[in-house]
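**Student:** Got a structure for you, written out below as structure tokens; questions coming shortly.
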Amino acid sequence: MSNQKFTRPPLAEALAAWQKCLADHALPPETLWIFAENLCIEHSRAVPGSFRIGFQTRFTPPPDDAIETAYDHFSDSDERVVFYRLGSVGKKSVCILLCDAWFEEKNARDGFARIDDWRLSFYPGHAGDIEEIADLSRWLHRVKRDRAFHDFDFSMSLETIEELREHGRTLLPYERFAQKMLHRLRRVLGNPE
């Protein structure tokens, strides 16, 4: 990690810079934000042993303020935050917010535009569409393990966003387990909340 001083901008300013970056690359500047549960990675039928990436928002829709929650949480860290475009759907760019030291060495050769004063990077990707999955069985049978590591593995989950909204922080593993058990017990006893 770099010891360089930086100041993260407000989300509105970062989004405006991101949309300008997309427009400069002749990509749709209007964005659709997705999160870990929205990704749909499947085995490719065209190229054996490879994968294709799609997304869905029908089965696990992100809350309206999810991007704000994720950006605020990521901005509390010293790690690089990355605005990452996966592809286009209609007239929108499908984007995902990432954060990790993994991106600190990524630069223009890797397709990343760095703004070191903000410790942000933009990855506009290539022109092209990404498939929106509407079939529940495809999403349920998506690949969750046994695949190559990818940049988007540093995205935030909707579960984490819910924890931040409900508790103001991410839960520890034992707290997460206890909460799941409590919800199950309440369902069994017929007392949902």
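**Student:** Placing unit charges on C-beta atoms (Lys and Arg positive, Asp and Glu negative, everything else neutral), compute the dipole magnitude of the chain about its Cα centre in debye, rounded to 20.
**Tutor:** For this selection, approximately 600 debye.
**Student:** Would you list, by chain and number, the lysines whose Cα falls below 17 Å from the Cα of Lys20, excluding same-chain residues fewer than 8 positions away?
**Tutor:** Lys91, Lys92
**Student:** Also, quick follow-up: Taking 7 Å along the Cα-to-C-beta vector as the label spot, tell me the Lys20-Ser77 distance in nanometres, rounded to one decimal.
**Tutor:** Between Lys20 and Ser77, the simple spin-label model gives 2.7 nm.
**Student:** Using a Gaussian network for the chain with springs between C-alpha atoms less than 10 Å apart, which of these wobbles most: Gln56, Gln19, Gln179?
**Tutor:** Residue with maximal mean-square fluctuation among Gln56, Gln19, Gln179: Gln179.
**Student:** Separate question: Where the centre of each part is set by its Cα atoms, how far does the range 28-66 sit from the range 101-180, in angstrom?
**Tutor:** Spelled out, the Cα-based centre of one part sits 10 Å from the other.
**Student:** Could you calculate the contour length gain from Arg145 to Lys180, that is, 0.36 nm times the residue separation minus the distance between their Cα atoms, to one decimal place in nm?
**Tutor:** So the extension gain works out to 10.4 nm.
**Student:** Next question, about the same structure. With a cut-off of at most 16 other beta carbons within 10 Å, and DSSP calling the residue loop, which chymotrypsin sites (Phe, Trp or Tyr not before Pro) in the range 36-87 qualify? Please list them.
**Tutor:** Listed in order of number, the matching sites are Phe59.
**Student:** Here is a follow-up. Go through 21-32, 150-161 and give me the packing order, highest mean Cβ count within 10 Å leading.
**Tutor:** 150-161, 21-32
Every number here is computed from the coordinates shown, using simple stated rules; none is lab data. Just so you know, these numbers come straight off a predicted model, no measurement behind them. Glycine also receives a Cβ, built like all others from the backbone with ideal geometry; neighbour counts cover every protein chain displayed.
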